[in-house]
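Taken together, the values in this text are just the output of simple stated rules run on the coordinates, not laboratory data. This is a predicted model, so every value here is computed, not measured. Quick reminder, even Gly has a Cβ in these numbers, built from the backbone with ideal geometry, and neighbours come from all protein chains shown.
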């Protein structure tokens, strides 16, 4: 991980996205939209999308924010990125369909999304620590909300204007690379000695009772 | 006689405190983990998380926005008397959960599993979940509010019915594989508090794992030395995986491994794993028979 933080303006250009390296630490400024499982399922299965110009607003933030309604409008109470890996079934399709350039979430995504990111020229950014309260003041404005009645506050699509939002780190680059997959491969080598230390035979299998 | 109103207000307050504070033993363990990690990303994950929690304790936000499943664990002395009878506990939990949700200490997260409809107040069949047990001859009540985050519950739950021939090797492999899978990419929000249940029926086994993760002081060894030895070995093994905070390269995949056991069938060896995330969200209300309530983040 590099110590320097790169401050990016949204929307990213394809060249900017392709220039980002695994492990690089960044913030983003501009407009982001939110969604979770329901957004993905509806977008792909039912072609139900919020009225957003995705060419101009193509940073998809995976989150279910805690929101409070006040006389002055909506306020963010806390905004904790959610696990993107849960959306893997639809990840690639949504990236291609909307031409997304930036995904932000927790954890990472799988090979299907990685292929779409490489194809479109886009990255996935993963959160650093539990950070919902640190991100909150970086949301400058709640711009609009879609599908609030149908989906409720957590699954609705919120549009936020953010400033120096982050930091996040690049866990999936635009070349198919994945920080966590690399990390997992190194861990797999260690597992041999961990099993040995625990007295688990290398050829251990569980008792099988099904044909 | 403890009034229903006292119980509802204690449940609300314990929920609010759980949602906005790190329990002292969890915070101390996170600080110790930070002192140990050397990789910049692993350190950054812990530093951000501790700073995030300090803000929550100062009245700015929540220790984590995914306040998850509203769970209450109630321990009653066998001479405790509750206004309206013990059935009032469920009503009090509903009232406390709805109020904590309206006040934004709980996120409206509970939905119908089939329609996915969200009532907006975290109430519905099975939720909030209240576990009641009777311990000792006392006349008071203790309530632990433990809103359980999604990451640790969704990605940190595993169960397998094994057989005596699978033995200790089977148990240890199952647990260490579950920890490795759960920690991948930070799914369960490591460093996790990992609860392990061995024995019982399927449901008792998972209950043991959940209570080992949620209701024990971090790293306080099991009183049975044989069980404590299994905890020690699994803890050491988890630290040798090369996985640190949030799945980054590092040492602290876990803050603790707690194991609980129950008698089981002579033909069976059930094992369950249930993880708690790094914020270890829980707070305890101690209600005396005269209605006096004391709150603490520490466990008995």
* Structure fact -> Cα pairs beyond 27 Å in region B:150-276, in percent, come to 10
* Asked: FRET efficiency for residue A:46 and residue B:224, Cβ-Cβ distance as r, R0 = 41 Å, nearest 0.05?
  -> 0.15
* Looking at chain B, send over the antiparallel percent of its DSSP beta bridges, to the nearest 5. => 65
* Asked: Can you give the calculated 222 nm mean residue ellipticity of chain B, where each DSSP H run of n ≥ 4 adds -39,500 (n - 2.57) and the sum is split over every residue, rounded to the nearest 500 deg cm²/dmol?
  -> -12500 deg cm²/dmol
* Hey, any idea what the orientation-averaged projected area of the convex hull of chain A's Cα atoms comes to, in nm²? -> 15.6
* Structure fact -> Per the C-alpha gyration tensor (a ≥ b ≥ c, the square roots of its eigenvalues), region B:12-145 is rounded if a/c is under 1.5, else prolate if a/b beats b/c, else oblate; here it's oblate
* Structure fact -> Counting only DSSP beta bridges with both partners in the protein assembly as shown, the antiparallel fraction in percent, to the nearest 5, comes to 65
* To do: Taking only Cα atoms and a 10 Å spring cutoff, compute GNM fluctuations for chain A and point out the largest among A:191, A:135, A:125.
  => A:191
* What percent do you get for the relative contact order of region B:96-194 when only Cα pairs under 8 Å and 6+ apart count? -> 19
* **Two-decimal log10 I(q)/I(0) for region A:8-99, as the Debye equation yields it once each C-alpha is a single scatterer, q = 0.15 Å⁻¹** => -0.71
* Relative contact order (%) - criterion: Cα under 8 Å, at least six apart; region: chain A -> 25
* Choose one answer from B:68, B:195, B:84: the residue with the largest mean-square fluctuation in a GNM of chain B with alpha-carbon springs under 10 Å. => B:84
* To do: Name the shape class, rounded, prolate or oblate, that the alpha-carbon gyration tensor gives for the protein assembly as shown, where a ≥ b ≥ c are the square roots of its eigenvalues, rounded holds for a/c under 1.5, and otherwise prolate holds if a/b is larger than b/c and oblate otherwise.
  => oblate
* Just need the relative contact order of chain B here, percent rounded to a whole number, with Cα pairs under 8 Å and 6+ apart. => 27
* Cα shape, chain B, gyration tensor, a/c 1.5 rule -> oblate
* Counting only DSSP beta bridges with both residues in chain A, what percent are antiparallel, rounded to the nearest 5? -> 60
* Taking springs between alpha-carbon atoms closer than 10 angstrom, which of B:21, B:52, B:274 fluctuates most in the Gaussian network model of chain B? -> B:52
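Quick check on region B:237-294: what are the equivalent-ellipsoid semi-axes from the Cα gyration tensor, as sqrt(5λ), descending, whole Å? Before the final figure, lay out each step's value.
Numbers: eigenvalues 201, 121, 11 Å².
Semi-axis lengths for region B:237-294 are 32, 25, 7 Å.
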* **Helical contribution to [θ] at 222 nm, DSSP H n ≥ 4, -39,500 (n - 2.57), averaged over chain A, rounded to 500** => -9000 deg cm²/dmol
